Amino acid sequence: MKALKILVTGGSGQLGSELRDIWQSGDIADLVFLDRQDLDLSHPELVQSVLGVYHPDYIVHSAAFTAVDLAETEVDLANRVNHLSTLEISKYAKSRGCRLIYISTDYVFPGNADQALDENYPTDPINVYGRTKRSGEEAIEQNCPDAIIIRTSWVYSTFGKNFVKTMMNLMKSRQEISVVSDQIGSPTYARDLAELIEHIVVSGPWVPGTYHYSNEGRASWYDFAVKIRDVSGLQCKVHPIPSSSFPTPAKRPHFSLLDKGKVRTTFGINVPQWQDSLERMMAKLSERSK
């Protein structure tokens, strides 16, 4: 039996690295992980020819321009990477009968509703990053309706740079830090998201549409930082501050909670609590540092 060929964009990113760690080449799949040097999404006109070299059965499109503040000034680059290249990927997938999973973001929402948002809640991005990612979603909806779009939030991993590692480094070097307390969401351990993707690809069913996935529970960035400190056993004092005390070029949603009812029901999965996933990630990080 021919092994499935699965191509992952953003191969060295947090999610791509977790997928690489989970998946092994063999009977289940022939794996291709593409990084920026392999697939330069700043040149959408080259995307289809690069994908044509590999002839994948599945594409997991996790690469993106994720520098939220930089996107405010690098508007054209963010649009080419997040929108126009995603458009080309969607056209390729449709023309070749290739199944496509696209990783999107809670930033497609305005972030003004203090509730867990389902997939039908109206989108209205408040920054360039969110607008370009929403444009990527629309390109897929129009050109490859058989695709799966997964919106996620506050992603972290044992791989790459992320909030957890930044907080640990700061707490080791400082006696006190301040963290924003009025932005509410739920962190997502990239390993959990990778396991969902593996489940969809390997076990199915394949049900096209848009899904929300983060870990369960509610937290502010301040709550997240306090839990990181407590799990790591550090003594740093963490102070809550409002967003107004930490201005950034790009506006951030005040609320990023996502309703996971659809993804749980459709794919029959359990969604871990964010605190439990954080503890698992930090234990794995500690093991790797030994």
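The values are calculated or read from the model by the stated rules, or taken from the named source; none is laboratory data. No experiment lies behind these values; they were computed from the predicted model shown. Cβ atoms come from the backbone with ideal geometry, glycine included; neighbour counts cover every protein chain shown. Surface areas here come from the heavy atoms of the whole protein model, side chains and all, with no ligands, DNA or RNA. Shrake-Rupley method; radii C 1.70, N 1.55, O 1.52, S 1.80 Å.
A few comments on the model shown:
- CD proxy at 222 nm, helix term only [per DSSP H run n ≥ 4: -39500 (n - 2.57); per residue of the chain; nearest 500]: -10500 deg cm²/dmol
- Percent RCO, i.e. relative contact order, over the range 116-274, from Cα pairs under 8 Å lying at least 6 residues apart: 35 percent
- Rolling a 1.4 Å probe over the protein heavy atoms gives the range 70-184 an accessible area of 43 Å² per residue.
- The phi-based Karplus calculation (6.51 cos²θ - 1.76 cosθ + 1.60; θ = phi - 60°) puts the 3J(HN,Hα) values of the range 37-53 at 6, 8, 9, 8, 6, 6, 10, x, 5, 9, 4, 5, 5, 5, 4, x, 5 Hz, whole numbers, x for Gly and Pro.
- For trypsin sites (Lys or Arg not before Pro), the sites in the range 155-238 that DSSP calls loop and that have at most 14 other Cβ atoms within 10 Å are Lys161, Arg174, Arg218.
- Given their separation in residues at 0.36 nm each and the Cα-Cα distance between them, Glu72 and Ser95 gain 4.9 nm when the chain is fully extended.
- Entries of Lys227/Lys260; Lys165/Lys260; Lys165/Lys251; Lys161/Lys262; Lys91/Lys165; Lys94/Lys165 with Cα pairs more than 28 Å apart: Lys161/Lys262; Lys91/Lys165; Lys94/Lys165
- Residue among Ser186, Ile150, Ile22 farthest towards the positive dipole end of the chain, charges placed on Cβ: Ile22
- Antiparallel DSSP beta bridges within the chain, percent to nearest 5: 5 percent
- The charge dipole of the range 1-113, taken about the Cα centre with unit charges on the Cβ atoms of Lys, Arg (+1) and Asp, Glu (-1), comes to about 560 debye, rounded to the nearest 20.
- Each residue of the range 233-250 was assigned a 3J(HN,Hα) from its phi angle through the Karplus expression (A = 6.51, B = -1.76, C = 1.60, θ = phi - 60°), giving x, 7, 10, 4, 7, 10, 9, x, 9, x, 4, 5, 7, 9, x, 10, x, 9 Hz with x at Gly and Pro.
- Taking Cβ atoms as reference points and 14 Å as the exclusive limit, the residues near Cys236 contribute a net charge of +3, counting Lys and Arg as +1 and Asp and Glu as -1.
- Surrounding net charge for Asp118, when Lys and Arg each add one and Asp and Glu each subtract one, Cβ distance under 10 Å: 0
- Summarising the amide proton neighbourhood of Glu216: residues at separation of 5 or more, or on other chains, whose placed amide H is nearer than 5 Å comprise Gln273, Trp274.
- Neighbourhood charge, 10 Å Cβ-Cβ cut-off, centred on Gln273 and excluding it, Lys, Arg +1 and Asp, Glu -1: -3
- Under 5 Å from the amide H of Lys5 lie the amide H atoms of Asp30, Asp57, Tyr58, each residue being 5 or more positions distant or on a separate chain, with H modelled from the backbone and absent for Pro and chain starts.
- Taking the Cα centre of the chain as reference, the dipole from Cβ charges on Lys and Arg (+1) and Asp and Glu (-1) amounts to some 560 debye.
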